[in-house]
Amino acid sequence: MTASKRVLRNVSVGLVLDLLRNEGPTSQASIARKTGLSPATVNNVIQLLRKEGVADFEWINGREALVTLISTKGVMMSVMVSADFIHGAVFSFEHQKRQDLLAYPDDLLDQQNTPESLAAFIKQLAGLANVSVAALTGVSISIQAPVDKKNGTIAIWSAGRLPGWKDIPIKEKLESLLNVNVHVDNDANLATYAEWTWGAGRGVDCFLYLSCSRQIGSGLIIDGKVHNGSNGMAGELGHLVIDKAGPVCFCGSRGCLTTLVSERAILRILDDTENAKSSLAEVIASANDGDAACQRVLYEAGHNVGQALANTAKIVAPGIVAIGGELGSAWQFIKDSLRVATEENNLDNVSPGIQFVPGILKKDAVLLGGIASLLSQSGQGISDLPDWMTHDAADCSTTESLN
Ligand SMILES: [Zn+2]
């Protein structure tokens, strides 16, 4: 094969893989139509992908088959590092098995959340899954802070939450501690990628995702890729200023979305009432039980989120906007105020047809995003998320001491 033919083939394979990752099982005729490739080229690419064990047919009746991406090889690990806990999972594609491990700061090596304690956590998790770290075919690390593209460290203004990671080039440091390649990204970017691959954002080129729980995270997919911006800091919707006279934010601004709708912000509003609560989950449960004050704060949170999303949507015109995290699971209490905020911002006139939906993958979004990202980088993919890959079906170990 000549070099130019090889390049053409690689481009064709890339087009078909991207389509199958984003749209799920698809017929060969639809692949040809949607990619603009000829039916003969599509057929060649599918045969090649089948030979490599990356794709197969899913028969929907005796005569019609959809092409589906499968992954039957390798063992990958995805780990999320936050200020409050470290959660990791090993995914064995051959055995179709997932093994989780959750640790709180007190359980970590020297009770510190640092690269060294994370490396020990990763070795313990690999041991639980009966695999050596060296045998892992991919390791993804998500961190609850923006990652500076230039030097690979977390943004200096977010280091207060993760002091053990301040000024550390994360990828470089972990690769030297573990002797394997690692993929490092911000947690919200990975959650966005998972929701685009398997969840609420499936099938659109441009997708905006906002996760609201203890912290606010957001990400943006443009043309099927996570948009990082020039410095890695794109998509920081949590720090859009919504109320210039609002509370001071840890980023140094005032009235950021984070100061209004994060768990702490919502609990603070209820602190002065007889309805004080200790977690966002409790607020949502009480709202479900008919607690009017809890319903009210969720309604207001939906309005603030709607303000931020409407303004952003005018700039990027996403096909779908999804809200995940715990606030996404309180959809019935936020959907009306979200709509009011978008109407106040005249969004439907300026940029019509944008759908607002709740996230689908819930707490699993970040870890699954790590796997989606590793699969994509290795030229693999999975068209439909199988049950064994989700948390409910996993083996979970928690708070095992690493000392
Ligand atoms: Zn801020």
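Please give the length that would be gained between A40 and E58 if that part of the chain were fully extended, namely 0.36 nm times their separation in residues minus their C-alpha to C-alpha distance (nm, one decimal). Result for the pair: 4.5 nm of gain on full extension.
Extension gain, N179 to S27: 0.36 nm times the residue separation minus the Cα-Cα distance gives 50.6 nm.
Model label points for A276 and H227, set 7 angstrom from Cα along the Cα-to-Cβ axis, are 4.3 nm apart. In straight-distance terms, cross-link reach from K173 covers every one of the lysines whose alpha-carbon lies under 17 Å from its own, apart from those fewer than eight places away in the same chain; here that gives K123, K149, K150. Taking the Cα centre of segment 240-390 as reference, the dipole from Cβ charges on Lys and Arg (+1) and Asp and Glu (-1) amounts to some 460 debye. Going by accessible surface with a 1.4 Å probe and the largest first, L374, L15 read L15, L374. Centre-to-centre, using Cα atoms only, segment 251-271 and segment 1-17 are separated by 50 Å.
Amide H to amide H distances under 5 Å link M80 with H87, G88, S142, where only residues 5 or more positions off or on other chains count and H is placed in the peptide plane. Placing +1 on the Cβ of every Lys and Arg and -1 on the Cβ of every Asp and Glu, with no other charges, gives segment 232-296 a dipole of roughly 300 debye about its Cα centre.
Largest GNM mean-square fluctuation among N22, N189, N151, using the chain with Cα springs under 10 Å: N151.
Can you give the extra length, in nm with one decimal, that the chain gains between Y104 and Q377 once fully stretched, where that is 0.36 nm per residue apart less the Cα-Cα distance?
95.3 nm
When shorter helices are ignored and each DSSP H run of at least 4 residues is given -39500 (n - 2.57), the per-residue value for the chain at 222 nm works out to -12000 deg cm²/dmol. In the elastic network of the chain, a GNM with C-alpha springs shorter than 10 Å, the most mobile of A265, A65, A129 is A65.
Let me make sure I get this right: for the chain, a, b and c are the square roots of the gyration tensor eigenvalues over alpha carbons, sorted descending. Under 1.5 in a/c it's rounded, otherwise prolate if a/b > b/c, else oblate. Which is it? Oblate is the answer for the chain, as a/c is 1.5 or above yet b/c matches or exceeds a/b. Segment 303-357 and segment 134-190 have Cα centres spaced 31 Å apart. Accessible surface for the chain, divided over its residues, is 45 Å² per residue with a 1.4 Å probe.
With just the Cα atoms defining each centre, how far is segment 76-116 from segment 235-250? Give it in Å. That distance is 31 Å. Positive-end ranking of G160, A292, A194 along the dipole of the chain, with charges on Cβ about the Cα centre, is headed by A194.
When the Cα positions of Q47, W59, G306 are compared along the charge dipole of the chain, Q47 comes out farthest toward the positive end, with charges on each C-beta of Lys, Arg, Asp and Glu. Placing pseudo-labels 7 Å out from each Cα toward the beta carbon at K244 and S92 gives an inter-label distance of 5.9 nm.
Between 0 and 90 degrees, the angle of helix 365-377 with respect to the longest Cα principal axis of the chain falls at about 30 degrees. Only Lys, Arg, Asp and Glu carry charge here, each on its Cβ (+1 for the first two, -1 for the last two); on that basis the chain has a dipole of about 1520 debye about its Cα centre. Loop-located chymotrypsin sites (Phe, Trp or Tyr not before Pro) across segment 301-397 with a Cβ neighbour count of 12 or fewer within 10 Å are lacking, with loop assigned by DSSP. Using the Cα gyration tensor of segment 3-69, with a ≥ b ≥ c the square roots of its eigenvalues, what is the shape: rounded (a/c below 1.5), prolate (a/b larger than b/c) or oblate (neither)? Note, shape of segment 3-69 comes out prolate. Taking +1 at the Cβ of each Lys and Arg and -1 at the Cβ of each Asp and Glu, which of T259, G232, I242 sits farthest along the dipole of segment 222-274 towards its positive end, judged by Cα position relative to the Cα centre? So the residue we want is G232.
The values are calculated or read from the model by the stated rules, or taken from the named source; none is laboratory data. If you're wondering where the values come from, they're calculated on a predicted model, not measured in any experiment. With ideal geometry, Cβ positions are generated from the backbone for all residues, glycine too; neighbour counts draw on all protein chains shown. Surface accessibility is based on the protein's heavy atoms, side chains included, excluding ligands, DNA and RNA. Shrake-Rupley method; radii C 1.70, N 1.55, O 1.52, S 1.80 Å.
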